[in-house]
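All remarks here apply to the structure that follows.
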Amino acid sequence: MSKKFLVLCMAALMALTALAAGCGGTQKSSDEKVLKVGTNADFAPFEFQDENGKEYQGFDMDLIRAVGEEMGYKVEISNVNFDGLIPALEAGNIDVAVSGMTINDERKQKVLFSDPYYKSGLSIVVAKDNTAINKFEDLKGKKVAVQIGTTSAAEVNKIGGVEVKEFNSSADTFMELRAKGVDAVVNDRPVNDNYILKSGETNVKALPDLLTSEDYGIALSKQNGELQKKVNDALKKLHENGKYDEIFAKWFGTASK
Ligand code: ARG
């Protein structure tokens, strides 16, 4: 084969690859708009994957699908580490992060948030026979598991004198408690309650003491003010047409206030 022929072949191949890439990508058909959603799908009842590990389920997942539908976008969900969500937004790899993410000032420096869509707070889970820990103050001098990059991690570190062990997912924090590697777990209250209710684990209890009052919001890149407005309009519509209440009742049993 001549060198010239080889170079020609390579040029043709490169042109073909470029063409194929142009046809794929995010612009599927001429007017189909795609909303790339990032979540950390280990946070039931807000986001989790079904037994087969594929279908995304939970309150947040239903809500963002309804938001997407309202906006006329096709929703594509991907699973990202919780502490990787804001970097993924900043890098433009996802359009929105929907992950039980608490709106706070530190995050607002980096991302935009939608209007609040859920009120939450933090609670503690301990072994049923644990009588030493009854409230957040009692965590001093104890080993506590939290998820990396969460408000739980920040708040437990603030108490002072706590031996904090950080894990990649909230599921891992519960596993550590079961393995007796820690005395307590701190997570968002609905996630702790869901664990007590659904895991079949009978040797643990959630404590009534609540730390913080937190609002969840949908996070977007600072560059995406236009999309933020669309998301807020869609959320408003879902509140008006009863769809929000329907989704809320599906996951929490009671109507939202
Ligand atoms: N609400 C807490 C926070 O924003 C925890 C969220 C964790 N979410 C998750 N999908 N693991 O820091």
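Of all residues in the stretch 80-128, those satisfying the criterion of being surrounded by 17 or more Cβ atoms within 10 Å (Cβ to Cβ) and assigned to a loop (DSSP other than H, G, I, E, B) are Val80, Ile94, Asp95, Val98, Ser99, Gly100, Met101, Ile103, Ser114, Tyr117.
Using the structure shown, decide if Leu220 is open to solvent by less than 50 Å² (accessible area, probe 1.4 Å) and either of a type in the set (Ser, Thr, Tyr) or away from the ligand (no atom under 16 Å from the Cβ) (or both). Full working, then the answer.
On the way: open to solvent by less than 50 Å² (accessible area, probe 1.4 Å): yes; either of a type in the set (Ser, Thr, Tyr) or away from the ligand (no atom under 16 Å from the Cβ) (or both): no.
When the stated conditions are applied, Leu220 does not pass them.
Filter the stretch 149-167 down to the residues that are in contact with a strand residue (DSSP E or B) (Cβ under 7 Å, 6 or more places away or on another chain), near the ligand (Cβ under 10 Å from one of its atoms) and not aliphatic (A, V, I, L, M), then identify the one that is nearest to Glu214 (Cα to Cα). Once the filter is applied, the top-ranked residue is Thr151. Would you be able to say whether some residue in the stretch 72-79 is without any contact (Cβ under 8 Å) to a residue 40 or more places away in the chain and either open to solvent by 20 Å² or more (accessible area, probe 1.4 Å) or over 24 Å from Ala171 (Cα atoms) (or both)? Yes, the stretch 72-79 contains at least one residue that is without any contact (Cβ under 8 Å) to a residue 40 or more places away in the chain and either open to solvent by 20 Å² or more (accessible area, probe 1.4 Å) or over 24 Å from Ala171 (Cα atoms) (or both).
Quick check on Glu214: is it acidic (Asp, Glu) and open to solvent by 60 Å² or more (accessible area, probe 1.4 Å)? I'd like the intermediate steps shown before the answer.
Working: acidic (Asp, Glu): yes; open to solvent by 60 Å² or more (accessible area, probe 1.4 Å): no.
So Glu214 fails the test.
Taking the conditions exactly as written (at pLDDT 95 or above, within 21 Å of the chain's Cα centre (by Cα) and not aliphatic (A, V, I, L, M)), does Ser170 satisfy them or not? Spell out the reasoning first.
On the way: at pLDDT 95 or above: yes; within 21 Å of the chain's Cα centre (by Cα): yes; not aliphatic (A, V, I, L, M): yes.
So Ser170 passes the test.
Quick one: is Ala179 over 18 Å from Gly100 (Cβ atoms), in contact (Cβ under 8 Å) with a residue 60 or more places away in the chain and not β-branched (Val, Ile, Thr)?
Details: over 18 Å from Gly100 (Cβ atoms): yes; in contact (Cβ under 8 Å) with a residue 60 or more places away in the chain: no; not β-branched (Val, Ile, Thr): yes.
Considered against the rule, which asks whether it is over 18 Å from Gly100 (Cβ atoms), in contact (Cβ under 8 Å) with a residue 60 or more places away in the chain and not β-branched (Val, Ile, Thr), Ala179 comes out as no.
For Gly72, are the conditions met, namely being modelled with pLDDT under 95, more than 11 Å from the chain's Cα centre (by Cα) and of a type in the set (Gly, Ala, Ser)? In short, no. Tyr195 passes every criterion in (1) within 22 Å of the chain's Cα centre (by Cα); (2) more than 24 Å from Arg107 (Cβ to Cβ); (3) surrounded by fewer than 21 Cβ atoms within 10 Å (Cβ to Cβ) apart from (3). For the stretch 133-176, a residue qualifies if it is of a type in the set (Ser, Thr, Tyr) and surrounded by 17 or more Cβ atoms within 10 Å (Cβ to Cβ), and the qualifying residues are Thr150, Thr151, Ser152, Ser170, Thr173.
When residues in the stretch 77-108 are screened for being within 11 Å of the ligand (Cβ to nearest atom) and acidic (Asp, Glu), 2 of them pass.
The values are calculated or read from the model by the stated rules, or taken from the named source; none is laboratory data. Predicted, not measured: the structure shown is a model, and the values here were computed from it. Quick reminder, even Gly has a Cβ in these numbers, built from the backbone with ideal geometry, and neighbours come from all protein chains shown. Note: accessible area is taken over every heavy atom of the protein model, side chains too, but ligands, DNA and RNA are not part of it. Shrake-Rupley method; radii C 1.70, N 1.55, O 1.52, S 1.80 Å.
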